[in-house]
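The values are calculated or read from the model by the stated rules, or taken from the named source; none is laboratory data. Note that this is a predicted model, so its numbers are computed, not measured. We place every Cβ from the backbone using ideal geometry, glycine too, and count neighbours over all the protein chains shown. Accessible surface is based on the protein model in full, side chains and every heavy atom, while ligands, DNA and RNA are left aside. Shrake-Rupley method; radii C 1.70, N 1.55, O 1.52, S 1.80 Å.
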Amino acid sequence: MDKLIQLTRIGFGTTFSFYVKVHSFHWNVEGSDFYEYHKLFEEIYNEVYGAIDPYAENVRKLGGYILPVINNLSMLTKIEDEDHVPTKEEMVQELLQDSERIQIVLKKNYDAAEAAGEHGLSNFLAERMDNHRKHAWFLRASLKGSM
Ligand SMILES: [Fe+2]
């Protein structure tokens with residue numbers, strides 16, 4: 001169970017930091033198709049934002065705690081920080097890679113939840129993986145022709 005709690009915390013932290021990154025890209029994106037990307041990033045961060053609270057509550061359902069997030073997030077996440085503002089194309093490429101990384105993180109969490117018979121959690125994670133797959137599709141599709 002401890003391993004499942006830790007994997008669920010990592011999935012939560014990764015989801016939360018992905019949300020922060022997408023939202024910052026929504027603010028910082030520039031270029032000829034500014035509005036299109038500004039809206040695409042908004043659609044993604046809104047969807048991911050909706051997962052943050054239920055993800056944390058799944059940690060609590062397992063008996064784990066969520067420590068103050070700002071201090072804890074960098075230890076939990078599998079998403080890398082940015083220390084500069086990427087170009088529009090770099091943003092899309094980076095979010096696509098992150099979306100694929102998140103799916104791997106969530107799959108580990110899913111497998112552990114299934115093994116523990118935690119089907120409520122695994123159902124939640126199956127839906128999360130599907131949503132991230134959809135984000136990856138949108139991001140991949142918007143890269144075509146722009147590079
Ligand atoms: Fe906005």
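The table below lists the values:
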item: Probe 1.4 Å, accessible area per residue of the chain, Å²; result: 55 Å²
item: Whole-Å distance, taken between Cα centres, linking the range 37-54 and the range 100-123; result: 21 Å
item: Rg/Rh ratio calculated on Cα atoms of the range 78-146 (Kirkwood radius); result: 1.10
item: Whole-Hz couplings from phi, Karplus 6.51/-1.76/1.60, listed for the range 110-126; x for Gly and Pro; result: 4, 4, 5, 5, 4, 4, 8, x, 8, 6, x, 5, 5, 5, 4, 5, 4
item: The range 37-141: GluC sites (Glu not before Pro) falling in loop per DSSP and having at most 15 other Cβ within 10 Å; result: E80, E82
item: Table column - 3J(HN,Hα) (Hz), the range 67-84, Karplus curve with 6.51, -1.76, 1.60, x for Gly and Pro; result: 6, x, 5, 4, 5, 8, 4, 5, 7, 8, 7, 10, 9, 8, 6, 10, 10, 8
item: A115-W137 FRET efficiency (beta carbon distance; Förster radius 25 Å; 0.05 resolution); result: 0.30
item: Whole-number percent relative contact order across the range 99-147, with pairs defined as alpha carbons under 8 Å at least 6 apart; result: 45 percent
item: By accessible area with a 1.4 Å probe, ligands and nucleic acids excluded, highest first: order of H38, H132; result: H38, H132
item: Values of log10 I(q)/I(0), in the order q = 0.09, 0.20 Å⁻¹, for the range 1-127 under a Debye, Cα-only, solvent-free model; result: -0.27, -1.08
item: Over 18 Å between alpha carbons, listed pairs K78/K108; K78/K107; K39/K78; result: K39/K78
item: The range 40-108: proportion of alpha-carbon pairs further apart than 14 angstrom, %; result: 72 percent
item: Exposure rank, largest accessible area first [V69, V48; 1.4 Å]; result: V69, V48
